[in-house]
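Trainee: I'd like to ask some things about the structure below.
Each value in this text was obtained by applying a stated rule to the coordinates, not by laboratory testing. In this text the structure is predicted, and so the values were computed from the model without any measurement.
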Amino acid sequence: MPHRTARPSARLLPWAGPDDQRCYLLTDSDGGPVSRHADQVEAIQLGMGLGLLEHARALIADPAVDAAQLRFLSAQLSAALRDTVRIAESRGGRLEESAQDGS
């Protein structure tokens, strides 16, 4: 039986390049140091997003919060949502590739 080599695929990384351009990693199913680092960054980003949601609940419930604080919160929530969407796109793409490969 011939040895099947993993077909390289492009993984969307959880960070952006210059001018907010998407960054991709060409990798195989074994992964490597950059892929493992991307996994760690994704975990950190998701954890920060969860922490930000808790902070948002407290700020929104506080009647003393001013417009500047809410604008700052909005900017941080927007960044966290951007990161989460990028992670979801990356993971969704990898799931589709796994399904196509029969894994």
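Trainee: Using the alpha-carbon atoms, what tilt in degrees (0 to 90, nearest 10) does helix 33-61 show relative to the longest principal axis of the chain?
Mentor: Once rounded, the angle reads 20 degrees.
Trainee: So how tilted is helix 67-101 from the main axis of the chain? Cα-based, degrees 0 to 90, rounded to 10.
Mentor: Rounded to the nearest ten degrees, it is 20.
Trainee: According to the Cα gyration tensor, what semi-axes, each the square root of 5 times an eigenvalue, does the equivalent ellipsoid of segment 9-91 have, listed from largest to smallest in whole Å? Provide the component values of the computation, followed by the final result.
Mentor: Values: eigenvalues 204, 34, 13 Å².
Equivalent ellipsoid of segment 9-91: 32, 13, 8 Å, largest first.
Trainee: Would you mind telling me which residue in 68, 88, 43 has the biggest mean-square fluctuation in a Gaussian network model of the chain, where springs connect alpha carbons within a distance under 10 angstrom?
Mentor: Between 68, 88, 43, it is 68 that shows the largest mean-square fluctuation.
Trainee: Tell me, how many Å apart are the Cα centres for segment 8-26 and for segment 39-103?
Mentor: 18
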